[in-house]
Each structure stands twice: as C-alpha cells, then as structure tokens.
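To start, the structure itself, in structure tokens.
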Amino acid sequence: MKYVVQFWSSLTTRQRWIVIAVLGLVTLVYLYAQNRATRHVPGETVWSYVERQSRAHDLEPGFVYAIAFAESSFDAHARSSVARGMMQLTRPAWETASPLPYAWAWDWRHNVHAGVRYLAACRRRLEAEGRVSYPLIAACYRYGFGHVRANDFDLGKIRTPGNNVYRKLFAGERSPIPPPE
C-alpha cells in the first residue's frame, strides 16, 4: 500500500485523471463482458427451468419454451419500447404475475417465472369465458386479454404476428421449437 501511495503522490493532477479514466474504462469493459456472458441463456438451461415452472402451473412446457423463444430468442436482456426480459413482459403483465418490483424483470429466472404465471392467468381468464385453447392463450399473452375479448375470441379477427413461432402457435402447434436433447 505504501508504494501505491508514493506512486499516486508522484503523479500530476492530469496524470491522476488519466489513471482514473483508464481504470473506469477497464471496469466498464469488464462489466460489459460479464453482462454479455449472461445475456443469452443456453436453451438447455431455459428448458430445464421452463419445464419445472410450466408443470407447476399446469401448462405444457413446450408451449412456454416456444413463447420465450418467440419473444426474445432466450435473450435475458431483450427489450422493446414497452416490455423487458426473456418473456418480454410489460409492467402491467409483470404486476399481474409477480409481487417483485419490475426492475427484477431483467433476471431471466424471475422473468420466466412471472411469464409462466401470466400465461396461467391468461388461461384462467379464458376458462372463465369458456374459450380456452393454446392458440388463444398465445394471443392473450401477445396482445392482452382485452384485445382478444374485443375480437370475440376469434383468431381470424386478430392480426397474426409476423414471427414464425407465433404463427405456428396461433395455428395450434403447441411446441413449434423442439426442446434440447
């Protein structure tokens, strides 16, 4: 420590600022690299977690896995203008499904857990209307229950997303993304 203090005192003010800037830059690069390493979660890891969460909420794991892939390609830090995280949850959807603050949506496990709970809530609302099906659950997740109800629960009246996975989900395929081996 003595040598660090001697070194620091030997520097001019300008040199000290340069050292601080370089250390700050090195820290930012390190943090960015750490963030990138956890940004895209491997499909096997997502599948393992989705499988447990889905079964706990009586949802087909392949369906939930497909929704996660369609929304973010398993990017834990995916973001749109109104949604965040792997399951791309909006603040209202998050608040429906999770007691945690919305800032936790960046943690992929909490995001998937809330996403599964939101899918289960969509299913319950559809069951109450006597209209439950996996394509309608996907539509509720994508557009909201109110939009689906306003269109008389008719998928023909609801715009099919351009996303290929969602097109397959809307067509009734429950597991369009094969789970990892």
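The values are calculated or read from the model by the stated rules, or taken from the named source; none is laboratory data. Quantities reported herein were computed from a predicted structural model and do not represent experimental measurements. So basically every Cβ, Gly included, is an ideal-geometry build from the backbone, and we count neighbours across all protein chains shown.
Among residues that are surrounded by fewer than 17 Cβ atoms within 10 Å (Cβ to Cβ), of a type in the set (F, W, Y) and free of Cβ contacts under 8 Å to residues at least 40 places away in the same chain, W106 is included.
Within segment 147-176, if we keep just the residues that are at pLDDT 95 or above and of a type in the set (V, I, T), the residue that is nearest to V46 (Cα to Cα) turns out to be V165.
Here is the figure for segment 127-163: residues that are more than 18 Å from I67 (Cα to Cα) and of a type in the set (A, V, I, L, M, F, W, C) total 3.
Could you list all residues from segment 109-137 that are within 15 Å of the chain's Cα centre (by Cα) and either in contact (Cβ under 8 Å) with a residue 60 or more places away in the chain or not in a helix (DSSP H, G or I) (or both)? So that I can check it myself, show each step before the final result.
Initial filter on segment 109-137 (within 15 Å of the chain's Cα centre (by Cα)): 109-119.
Within segment 109-137, R109, V112, H113, V116, R117, L119 meet the criteria.
Just name the residue that is surrounded by the fewest Cβ atoms within 10 Å (Cβ to Cβ) out of those in segment 74-103 that are of a type in the set (S, T, N, Q) and touching a residue at least 12 places away in the same chain (Cβ under 8 Å). Filtering segment 74-103 for residues that are of a type in the set (S, T, N, Q) and touching a residue at least 12 places away in the same chain (Cβ under 8 Å), the one surrounded by the fewest Cβ atoms within 10 Å (Cβ to Cβ) comes out as T96.
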